[in-house]
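In what follows, a single structure is set out as structure tokens and then discussed.
The values are calculated or read from the model by the stated rules, or taken from the named source; none is laboratory data. The structure presented is a predicted model; accordingly, all values stated were derived computationally and were not measured. Reconstructed Cβ throughout: ideal geometry from the backbone, glycine too, with neighbour counts over all protein chains shown.
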């Protein structure tokens, strides 16, 4: 069986020894084709090879940049690059690692090229359901959405050991996804189709909006005469400790500051100062009000009045 890459109940495997066992048992594993060699496709391709899978094909987009990325990944993992319309894929499993808007059109195009009976197709969108691959399903493939709950940025390829993957789709495709994710050292958990938007918004708070919050902190630091670069460096110890506290103790145990103490006067001073940074003031108010609704604080009534100012 082969696997193509376009880039439930929880299972976790992650030690080097386990991954070595998977790598030793290459026989019987599906071969893989990756559609799109961007940040996600590259990270998956490298991790799949290390887990003992044969990524034999990479389908690149028409641009010179896409071709270069595909060729770089192909050299790294021993795959061949396919390009242009009408390319025939021979792998057993297809994993689409392309932007959301391209998934359905790409699936329709591929469904017209060849037979899909007995093959499997994944896409890695966190926001869209497996229905985006409907044309491949109608052509005979088993399909699933397989989304790593992880951030991928240029120049950094995170390890997938311990990373959760949200999955949804056909049973055969989900079973294949479970085996592959376990071999990568990750964990799978089910996400219902109707919950995909909420699932993806949750991910937004976990990474990109968290970055936006930290950027807002830089703006506030600038009102104290501290540069953005200096602010980032000085914030990292408290950020790391806060995240560590949150993981170990949950939000109640990790929450500190004037809201917990019920110090409404300090909150008023913050809000007065933040009139110099109106956008940051809006963020402060939204987060403080959310905290008052969900977390234990002292002097709740006085704090609510302070937040009305």
message: What's the number of the only condition in (1) modelled with pLDDT of 95 or more; (2) surrounded by fewer than 18 Cβ atoms within 10 Å (Cβ to Cβ); (3) in contact with a helix residue (DSSP H, G or I) (Cβ under 6 Å, 6 or more places away or on another chain) that residue 133 fails to meet?
response: (2)
- prompt: Restricting to segment 35-65, what's the tally of residues that are under 20 Å from residue 164 (Cα atoms) and assigned to a helix (DSSP H, G or I)?
  reply: 12
message: Checking the structure you have, find out if any residue of segment 245-256 is at pLDDT 95 or above, over 29 Å from residue 301 (Cα atoms) and loosely packed, with under 14 Cβ neighbours inside 10 Å.
response: yes
- request: Name the residue, out of 277, 306, 228, that is within 19 Å of residue 211 (Cβ to Cβ) and either over 30 Å from the mean Cα position of the chain (by Cα) or not assigned by TED's automatic domain parsing to the domain that holds residue 211 (or both).
  value: 277
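For segment 66-136, give me every one of the strands (runs of 3 or more DSSP E) that falls completely inside it and has 3 or more residues that are closer than 27 Å to residue 167 by Cβ and in contact with a strand residue (DSSP E or B) (Cβ under 7 Å, 6 or more places away or on another chain).
The strands (runs of 3 or more DSSP E) meeting that bar are 93-96, 120-123.
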statement: Pairs returned, first residue in segment 263-277 that is more than 13 Å from residue 224 (Cα to Cα), second residue that is assigned to a helix (DSSP H, G or I) and modelled with pLDDT of 95 or more, beta-carbon separation under 6 angstrom, 6 or more apart or interchain, are 264/302; 264/303; 264/306; 266/258; 267/258; 267/306; 268/306
statement: When every residue in segment 142-157 that is assigned to a strand (DSSP E or B) and over 25 Å from residue 195 (Cα atoms) is compared, the one nearest to the chain's Cα centre (by Cα) is 153
